[in-house]
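To start, the structure itself, in structure tokens.
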Amino acid sequence: MSEYAAARLNMVEGQIRPNKVTDQRLVDAMLDIPREQFVPKAARGIAYVDEDLAIGKGRYLMEPMVFARMLQEVGIDANDVVLDIGSGSGYSTAVLARLAATVVGIESDAELARQATEALSAVGADNAVVITAPLTEGYPQQAPYDVIVIEGLVSEVPDGILSQLGEGGRLVAAVLGERGVGEVKLYQRSGDVTSARTLFEAHTHPLPGFEAKPKFVF
């Protein structure tokens, strides 16, 4: 077993399984995708740490445990079409590609999108694509989606993104709570109504563009 394969196994056995992640398809995907190929070369030795990992451009790969729990809670089916908002270097998109039928990743930074496209090709994720587009707008051209995943902390989920969910569609995101702590929330659309419930707290880095807007003061 290579050094990186051993690190992947340790990540799953030490971070993923002990934290209520039981979906075997998800576990297998995280065992299979070489996370070290989605981080800068200088950071490959710490690719499997149990915290957010900087990938440059002020962006981060989400902590493995938080990311895995989010995906388990949103419940991705093999026939689902998924929108991955803030795909960064492509790791999240690659994992999602192992779980869903089709994945559309969007990334606002053109260089990160290029890196993601190359990395996805290298791991054989031929059912996924990364498009350079504003993160806050989602990607309505391919809507509706069965699942939307937002890869970072947001002040709120824009209505324009929620509207891209199909009937029964689910969205999962870490949303800034009233106490200033990130709370992972699961949204689900039924008819014209979208409900939301809080799942667990998550300390993750903000996703650019989703910062809270200044309140107008008289």
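The values are calculated or read from the model by the stated rules, or taken from the named source; none is laboratory data. From a predicted model like this one, the values you see are computed outputs, not experimental measurements. A quick note on method: Cβ atoms are made from the backbone with ideal geometry, for glycine too, and the neighbour counts reach across all protein chains shown. Just the protein is used for accessible areas: all its heavy atoms, side chains included, with ligands, DNA and RNA removed. Shrake-Rupley method; radii C 1.70, N 1.55, O 1.52, S 1.80 Å.
Straight-distance candidates among the lysines for linking to Lys213, with alpha-carbon spacing under 30 Å and chain neighbours fewer than 8 residues away dropped: Lys57, Lys185. Distances between placed amide hydrogens fall under 5 Å for Gly105 paired with Asp84, Val129, Val130, Ile131, all partners being 5 or more residues away or on another chain. Computed about the Cα centre, the dipole magnitude for the chain is approximately 240 debye when only Lys and Arg (+1) and Asp and Glu (-1) carry charge, each at its Cβ. Evaluating 6.51 cos²θ - 1.76 cosθ + 1.60 at θ = phi - 60° for every residue in the stretch 75-92, the Karplus couplings come out as x, 8, 8, 5, 9, 6, 9, 10, 9, 10, 8, x, 5, x, 7, x, 4, 4 Hz, glycine and proline recorded as x. Ignoring everything but the protein chains, give the 1.4 Å probe accessible area of Phe210 in square angstrom, nearest 10. About 10 Å², ignoring ligands and nucleic acids.
From helices alone, the chain scores -7000 deg cm²/dmol at 222 nm; the rule is -39500 (n - 2.57) for each run of n ≥ 4 DSSP H residues, then divide by the residue total. Between Glu111 and Val49, the FRET efficiency from the beta-carbon distance, with R0 = 25 Å, is close to 0.60. Residues considered: Ala119, Ala43, Ala100. Largest GNM mean-square fluctuation over the chain, using C-alpha springs under 10 Å, is found at Ala43. For the stretch 149-192, the set of trypsin sites (Lys or Arg not before Pro) satisfying both a DSSP loop assignment and a count of at most 13 other C-beta atoms within 10 Å is given as Arg179.
The slack in the chain from Glu13 to Ala196, taken as 0.36 nm per residue of separation less the alpha-carbon distance, amounts to 62.8 nm.
Kindly report the accessible area of the chain per residue (heavy atoms of protein chains, probe 1.4 Å, no ligands, DNA or RNA), in Å².
On the way: 10280 Å² over 218 residues.
The answer is 47 Å² per residue.
Enumerate by residue number the GluC sites (Glu not before Pro) in the stretch 2-50 meeting two conditions: DSSP loop (anything except H, G, I, E, B), and at most 16 other Cβ atoms within 10 Å of the site's Cβ.
Listed in order of number, the matching sites amount to none.
As a fraction of the 1.4 Å probe accessible area of the chain, surface on carbon and sulfur atoms comes out at 50 percent.
By DSSP, the beta bridges lying fully in the chain are antiparallel in about 45 percent of cases.
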